1. Residues to consider are SER31, SER65, SER35; find the one that is without any contact (Cβ under 8 Å) to a residue 60 or more places away in the chain, crowded, with 20+ Cβ neighbours inside 10 Å, touching a Gly at 6+ places or on another chain (Cβ under 8 Å) and more than 21 Å from GLN188 (Cα to Cα).
2. Of everything in region 157-186, what is part of a helix (DSSP H, G or I) and either open to solvent by less than 50 Å² (accessible area, probe 1.4 Å) or closer than 13 Å to ASP116 by Cα (or both)? Give them in sequence order.
3. Which of the residues that make up region 164-203 are among the aliphatic types (A, V, I, L, M) and closer than 13 Å to LEU67 by Cα?
4. Test of understanding: among SER59, SER65, which residue is farther than 26 Å from THR91 by Cβ, touching a helix residue (DSSP H, G or I) at 6+ places or on another chain (Cβ under 8 Å) and outside any strand (DSSP E or B)?
5. Which count do you get for residues in region 183-200 that are touching a helix residue (DSSP H, G or I) at 6+ places or on another chain (Cβ under 6 Å) and closer than 15 Å to GLN76 by Cα?
6. Could we say that HIS105 is farther than 20 Å from PHE185 by Cα and modelled with pLDDT of 95 or more here?
7. Working carefully through the options THR149, THR213, find the one that is in contact with a Gly (Cβ under 9 Å, 6 or more places away or on another chain) and modelled with pLDDT of 95 or more.
8. List pairs: first in region 150-177 and closer than 21 Å to LYS73 by Cα and of a type in the set (S, T, N, Q), second open to solvent by less than 50 Å² (accessible area, probe 1.4 Å) and part of a helix (DSSP H, G or I), Cβ under 8 Å, 6+ apart or cross-chain?
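The values are calculated or read from the model by the stated rules, or taken from the named source; none is laboratory data. These figures come from a predicted structure and were not determined experimentally. Cβ placement follows ideal geometry from the backbone for every residue including glycine, while neighbour counts extend to all protein chains displayed. When the accessible area is computed, the model is the full protein with side chains, heavy atoms only, and any ligands, DNA or RNA have been set aside. Shrake-Rupley method; radii C 1.70, N 1.55, O 1.52, S 1.80 Å.
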Amino acid sequence: MKISSKGTAVISCILGTEFHSVYPAPQSEHSFLFSNRRDLFDEFAGKGWNPILLEFPLSRDDAVSSLQAKYVKFLQFLKESTFRWFDEFETIVYVDHKFFLNQDHLEFIEKTRKKDIFLRTTPKLKTTIWDEVNAAMGQERYRRFMPQTKSYINEKIKSGLSESVRICNTGLIAFSHKNPKVIAFLDQVYSDLISIGTSECQIVWALVAQQNTSLIQTIDWEEIPILWETPD
């Protein structure tokens, strides 16, 4: 599968009141930042991003804003006629705003990607769903919904999915979004997150992805070394 960099859109998002800055856009055009922070649009544009306003309620609760962000990460905005112009792109690369993605990283993805969905493993070795559960317990926004999350996990295991799976980091994902199977997969991940109430998408991804392995290419974390910290 040949991917043209001219056909790539990069998307990211900032929702809620917690964050106030972004890294420079990874490419000189076709980098789009979704946000409900109109007051930060000058900051975004000054760093080379094209700001896109989302009319989501502004919340100080990071559990709320983090779940709102999944609307962007899992390409739910493509369902709106307003965003049909994204069809001009062959690839959409989503990146968390805490990753300092650059053009070299995009070129590596273009050269390396062989499947319709492309992402990295977690930097720490996690080989079961319960490894991710234990890691998630350190954050209140995930811990708050852990009873519902565990019920979801157990239901999926009873249905035949495995608890033994290499956990992936969902902070950087490349999508061939024109493939209906890709959209169906992302819809399922998003729907399950909304049903649970959690924004802990790496748990849901690890389970739903087991039924979509033909779509997904995973590489080791170290293969794309990206600075990972909140921008000043």
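1. That would be SER31, the only listed residue that is without any contact (Cβ under 8 Å) to a residue 60 or more places away in the chain, crowded, with 20+ Cβ neighbours inside 10 Å, touching a Gly at 6+ places or on another chain (Cβ under 8 Å) and more than 21 Å from GLN188 (Cα to Cα).
2. ILE157, PRO180, LYS181, VAL182, ILE183, ALA184, PHE185, LEU186
3. Of everything in region 164-203, those that are among the aliphatic types (A, V, I, L, M) and closer than 13 Å to LEU67 by Cα turn out to be VAL189, LEU193, ILE194, ILE196.
4. Criteria check complete, one pass: SER59.
5. 6
6. yes
7. Selected residue: THR149, the only one of THR149, THR213 that is in contact with a Gly (Cβ under 9 Å, 6 or more places away or on another chain) and modelled with pLDDT of 95 or more.
8. Listed by first residue and then by second, the contacts come to ASN169/GLN202; ASN169/TRP221; THR170/LYS73; THR170/CYS201; THR170/GLN202; THR170/TRP205; SER176/VAL182.
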